[in-house]
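Report on the structure given below.
All of the numbers you see were taken from the coordinates with simple rules; none came from a lab. Because the structure is predicted, anything quoted here is derived from the model rather than measured. With ideal geometry, Cβ positions are generated from the backbone for all residues, glycine too; neighbour counts draw on all protein chains shown.
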Amino acid sequence: MSRRIYPLLLIAPALALLAAVSIYPTLYSLWLSTQRFRRGVPEFVGLRNYVTILTGKNFWESLQATLIFGVSFVLITVSVAFLLALVFNRRPRGAGFYMTIIFLPWMLSEIVSGVMFRWMFLPQFGVLQNWLGPLVGENFRFLSTPGGAMGVVTGATVWRSLAFAMLLILAGLQTLPREISEAAAIDGASRWQSFWHVVWPLVLPTTTVTVLLLTIQAVNAAGMFLAITNGGPGRSTEVLSLYMYREAIEFFNIGYGAALSVIMLGMNGLLAAVYLRTLRREALN
């Protein structure tokens with residue numbers, strides 16, 4: 001058997017699986033995005049679905065909601081995760097117990113976590129609604145206002161994703177040689193100077209990777225929004241992934257929903273390219 005053919009035969013099962021679960025659905029979505037279905041019968045419309053999406057206000061409103069959620073979610077998660085990683089990197093007493101508590105939310109599904117937060121913010125008997133509502137306003141209802149609803153979903157997503165981000169950053173911190181920080185302390189550097197000039201530059205690639213992974217998660221977030229707000233009040237929390245789901249599944253607008261999925265595929269492709277480039281640069285360094 002030829003030396004060129006034998007390696008191809010070895011990877012053939014993996015290539016077949018990749019084609020079945022990735023390549024074929026992508027090509028099928030591209031075909032669906034050029035169709036309009038009437039009574040279940042497809043009709044070729046070319047790029048009309050894309051034109052309708054990009055010229056309509058619903059897409060841009062959903063994109064705005066996605067950006068608001070993504071920026072706030074990534075900033076809060078990375079900031080809190082970095083602080084926790086710095087604390088656990090010092091191996092405090094009871095670290096195992098507290099880390100277990102932090103990891104519990106990550107074990108829950110998005111829908112379960114979302115339903116929990118929805119119940120906790122119900123106007124009548126929600127625990128967090130009764131505790132936090134009076135601090136904002138006597139008649140304030142978190143899930144009844146656009147800002148409050150977005151804040152609840154953002155908080156729930158941060159609560160669930162915090163362990164993942166902290167683990168990545170903590171792994172980066174624990175790969176740093178302790179001799180570097182000790183040398184900086186001997187040279188008279190304060191803790192802040194040691195962190196800013198020594199630790200931060202070395203852990204920056206890991207933090208960048210964490211930011212990119214959380215950004216990809218934010219772009220594709222749907223479960224929390226579906227469970228907590230279902231896009232409301234109005235359409236204020238209808239992010240792109242939820243918009244695509246409702247168009248394709250609830251309204252049975254298959255071609256339009258497929259076009260939305262192709263646009264989101266392009267967005268994820270750009271983020272994945274940046275992620276891979278960052279990993280390659282980190283490996284070279």
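Within region 231-251, the set of residues being part of a loop (DSSP other than H, G, I, E, B) and either in contact (Cβ under 8 Å) with a residue 24 or more places away in the chain or under 14 Å from TRP60 (Cα atoms) (or both) comprises GLY232, PRO233, GLY234, ARG235, SER236, THR237, GLU238, VAL239.
Does SER181 satisfy the criteria of being among the hydroxyl-bearing types (Ser, Thr, Tyr), touching a helix residue (DSSP H, G or I) at 6+ places or on another chain (Cβ under 6 Å), surrounded by fewer than 19 Cβ atoms within 10 Å (Cβ to Cβ) and in a helix (DSSP H, G or I)? Yes; evaluated as a whole, the condition is true for this residue. When each of ARG48, ARG91, ARG38 is tested for being among the charged types (D, E, K, R) and within 28 Å of PRO177 (Cα to Cα), the lone residue that passes is ARG91. A residue that is under 23 Å from LEU212 (Cα atoms), surrounded by fewer than 16 Cβ atoms within 10 Å (Cβ to Cβ) and out of contact with any Lys or Arg (no Cβ under 9 Å at 6 or more places or on another chain) occurs nowhere in region 34-53.
Among the residues of region 24-49, those identified as assigned to a helix (DSSP H, G or I) and under 14 Å from SER261 (Cα atoms) are PRO25, THR26, LEU27, TYR28, SER29, LEU30, TRP31, LEU32, ASN49.
Of all residues in region 192-209, none satisfies being surrounded by 19 or more Cβ atoms within 10 Å (Cβ to Cβ), of a type in the set (Val, Ile, Thr) and not in a helix (DSSP H, G or I). Among the residues making up region 136-150, those that are surrounded by fewer than 17 Cβ atoms within 10 Å (Cβ to Cβ) and assigned to a helix (DSSP H, G or I) are VAL136, SER144, PRO146, GLY147.
Pairing residues of region 22-50 that are farther than 17 Å from PHE252 by Cβ with residues that are part of a helix (DSSP H, G or I) and of a type in the set (Gly, Ala, Ser), at Cβ distances under 6 Å and at least 6 apart in sequence or on separate chains, gives TYR50/ALA259.
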